[in-house]
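The values are calculated or read from the model by the stated rules, or taken from the named source; none is laboratory data. Source: prediction; values computed, not measured. We place every Cβ from the backbone using ideal geometry, glycine too, and count neighbours over all the protein chains shown. SASA here: full protein model, heavy atoms, side chains in, ligands and nucleic acids out. Shrake-Rupley method; radii C 1.70, N 1.55, O 1.52, S 1.80 Å.
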Amino acid sequence: MTGIVSDARPAAGGPAPLDAVSLYRRCDPALVPFATTAEVGGAVDSVGQARALDALAFGVRTQAFGYNLFVLGPSGSGRHEITRDFLEREAAKRPPPPDWCYLHNFEEERKPIAVRLPAGLGAELRADMARLVEELRGAIPAAFESEQYRAALGDINQEFDDRARASVEKLQQEAQARELSVLQTPQGFAIAPMRGGEVLGKEEYDRLPEEDKRRTDEAIAQLSALLREHLETLPKLQKERRDRIKALNRQVTERAAAQPIGQLEQKYRDFPTLLRYFAAVREDVLENARDFQPPEAQPPQMLGLPGMLVGAGGPRALTRYEVNVLVGHTADGHPPVVYETHPTLPNLLGRIDHLAQFGALVTDFTMIRPGALHRAYGGYLILDADRVLTEPYAWSALKRALYAREIRIESLGQLLSLVSTVSLEPEPIPLDVKVILVGERRIYYLLCALDPDFPQLFRVAADFEDRVDRSDENTAQYALLIAGMAREEGLRPLDREAVARVIEHAARLLGDSEKLTTRLRDVRDLLHEADYWAAAESSDTIRAAHVRRAVESQTRRADRVRSEIQEEIQRNTILIDTSGARVGQINGLSVRELGGFVFGHPVRITANVRLGDGKIVDIERETELGGPIHSKGVLILSSYLTARYAIDKPLSFAASLVFEQSYGGVEGDSASVAETCALLSALAELPISQSFAVTGSVNQHGQVQVIGGVNEKIEGFFDVCNRRGLTGDQGVLIPRDNVKHLMLRDDVVEAVRAGRFAIYPIAHVDEAIALLTGVPAGERDAEGNFPADTVNFRVEQKLRKLADLRQAAAERVFGAAGRAATEAAAGVREARDEREDDS
């Protein structure tokens, strides 16, 4: 790359400006391996993410406890899409996971039974149980309406009727033998005396002789005892009749249900849990055959309301025979890849729904709903880390499930003891899910530092790159990636030059000519906008001009604030000089980001010096407008001045630095080179050319260090100069190590090519001050002196003069003692400064 100075110290005139080739790295269309993206069939899902993909492969394929994954990287890098595509490819290699069903627990209905079945068998079992109920609803009523059943029931009734009749006849015979009659009244049985076959009335009974009355009373007492025995046998006879009828009903029901239930038992004979369940179903059917009777045979509705949710007679009475397939798959399927966008506690662990009935909340096992952990069983669950952490109790519930290795449905109301409604306690399901959290790096590092459970449960970090090298190989891969995006989004094909222009913009987005951004969302947005402009011109393909217009359109929509700042500079509301020369005044460069739009603009920095005690006042810091990094930069330049000049004399100047017309915060150290040059200008009393703007960070040795936003800063000053008219003398000084980051706008490159604007790479403050003042900076000779007529010589002479003035002033006031005290104080201060520098 031409136009860059060597590592040697600068000559008197400073470094040469960069040529136009250094300002923007073009993408050679020959590196694009196709004429248009329509030729590309396959898809490339990532470029330069080998580290992250290796971590994904390791985490997904490791089945040990705690090897869940955290995918970390910048938003918009395609981490979701790449992760999901990878997981789906992995899932395609594996057989489907089993089904999980909930069945009614006939022993304790509050605790439904969880059953694990091979993939596809859950739905089959549900259909089989539905057919069983339908068969029983037809077979059982038919069995009870059969002639065989009616005859058997008639025989039982006839038998017991005969036994009851025989008992009554025997009682009547006993009564007749005693000249008594047993009468049945609405109030029960009564015994009355008889004579000549006729029942005696009260008057007739009263006319009987006393002896007859006595015999009659004795007979009545004896018959009453027999009557009591008869009455005591009647309930037993009724119970025996009911037992016989019940046994008959069970026998009839069993004959009707034996075959369909037996077929299910034979079909599912390899599943002991189901065999126990079918046995319980058989027993429940035998005990509750009435539930299979037609509606007209059911008990009447209460107050016109339907029957209870669960129980005999209700329309949902037979739901206890249903199968709740919580998680179902097909036999030819694969493990699921689930992305839960709203990871609340119920959405993660499942929930139990309720119905309001008769003023109460009722439920049953068919109202158990699966959560994301259920739906992802045997597969992969993708969650956004920030969403899980912000949902109440979701994070702690997820950790409990991972530690316990089971999914236990928990109601938030029950957890907080907010409801007292009796609910279900479903049997927990074993956890077989690989959980993948996706989030920013700061979330990952915060969790590692603050949550001791996190490193135990998420042992694998898949760190996505922010950038990739702009090598020829990666460029070709990036072109294929762009082609895949265009096809997936249904966009027009891009020609070779358009793809090259998109790749150049990918480097510009990153602010680095040697790298490409992995923020695929921004690239995808650019493709959509380029497609819009291609459609506006009725073009079948997207060309480079459409991409360029899309970039310009994006900038135009977002640059209102930048335009206003540029306008205020032109109106001199914000004071920026682009011509002439001023002592202690320099154009620094600032960069701002608003809503994702980054732009730069110049800012005036001024410095004043006077006699003092060596303190540099940072006005931004004193007013609490300067951030800690900016304050650090000022302290570093102060240390540089202290070590460079007046080694044998105490610093005897006071200086102040300020960003003029800065009403917000100032942060960063990228202005420290400009601030140093402003101070040197004020000390040397040499004017600085206002045709230049300066950016760069300085260290304690005067070396210029890399800063961020170099493209935007250059363009911000260029826009000011361009509006006022480019003279050929204007330019920007940037750190030499920032040259590799240059991806400047076309108009800036053309202005440099035409010699109307210049960009100078600097490696040391001496290079900057020489360019800004037109005076050589100067190097110490063998005797330790700066050459005359150099900037550094003038600075040192000014510092010595101020030291002498301070010493003379002290002698006039305090005499020799004051001089000694002044020198001692200076020595103490310098020793203190050295200790602070060492620390």
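Some values worked out for this structure:
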item: All positions within segment 456-479 that are outside any strand (DSSP E or B) and in contact with a Phe, Trp or Tyr (Cβ under 8 Å, 6 or more places away or on another chain); result: LEU457, ARG459, ALA479
item: Yes/no for ARG89 being of a type outside the set (Ser, Thr, Tyr), without any contact (Cβ under 8 Å) to a residue 60 or more places away in the chain and open to solvent by 60 Å² or more (accessible area, probe 1.4 Å); result: yes
item: Residue in segment 98-109 that is open to solvent by less than 20 Å² (accessible area, probe 1.4 Å), more than 30 Å from ARG276 (Cβ to Cβ) and aliphatic (A, V, I, L, M) present; result: no
item: Matching option when the condition is modelled with pLDDT under 90, of a type in the set (Gly, Ala, Ser), in contact with a Lys or Arg (Cβ under 9 Å, 6 or more places away or on another chain) and open to solvent by less than 30 Å² (accessible area, probe 1.4 Å), among GLY59, GLY73; result: GLY73
item: Residue list for segment 599-626, filter: in contact (Cβ under 8 Å) with a residue 24 or more places away in the chain, among the β-branched types (Val, Ile, Thr) and either closer than 30 Å to ARG556 by Cα or out of contact with any helix residue (DSSP H, G or I) (no Cβ under 8 Å at 6 or more places or on another chain) (or both); result: VAL603, ILE605, VAL617, ILE619
item: Pairs, first at positive phi in segment 57-77, second of a type in the set (A, V, I, L, M) and not in a loop (DSSP other than H, G, I, E, B), C-beta under 6 Å, six or more apart; result: GLY66/LEU457
item: Members of segment 759-776 found to be over 47 Å from the mean Cα position of the chain (by Cα) and open to solvent by 10 Å² or more (accessible area, probe 1.4 Å), listed by number; result: LEU771, THR773, GLY774, VAL775, PRO776
item: Criterion: assigned to a helix (DSSP H, G or I) and either open to solvent by 30 Å² or more (accessible area, probe 1.4 Å) or in contact with a Pro (Cβ under 6 Å, 6 or more places away or on another chain) (or both) - qualifying residue of LYS649, LYS632, LYS713; result: LYS632
item: Pick from segment 331-373, criterion of a type in the set (Asp, Glu) and more than 25 Å from ASP384 (Cα to Cα), ranking: surrounded by the most Cβ atoms within 10 Å (Cβ to Cβ); result: ASP364
item: Selection status of GLU823, modelled with pLDDT under 80, in contact with a Lys or Arg (Cβ under 6 Å, 6 or more places away or on another chain), more than 11 Å from LEU651 (Cα to Cα) and in a helix (DSSP H, G or I); result: no
item: ILE382 among the aliphatic types (A, V, I, L, M), crowded, with 17+ Cβ neighbours inside 10 Å, touching a strand residue (DSSP E or B) at 6+ places or on another chain (Cβ under 9 Å) and within 29 Å of LEU446 (Cβ to Cβ); result: yes
item: Count of residues meeting criterion [touching a residue at least 40 places away in the same chain (Cβ under 8 Å) and open to solvent by 50 Å² or more (accessible area, probe 1.4 Å)] in segment 548-565; result: 1
item: Filter result (among the polar types (S, T, N, Q) and touching an Asp or Glu at 6+ places or on another chain (Cβ under 9 Å)) within segment 639-675; result: SER639, THR642, SER652, SER656, SER662
item: Per-region count, segment 692-701, residues assigned to a loop (DSSP other than H, G, I, E, B) and buried (at least 22 other Cβ atoms within 10 Å of the Cβ); result: 2
item: Segment 510-532 - residue that is in a loop (DSSP other than H, G, I, E, B) and open to solvent by 50 Å² or more (accessible area, probe 1.4 Å) and, of those, modelled with the lowest pLDDT; result: ARG519
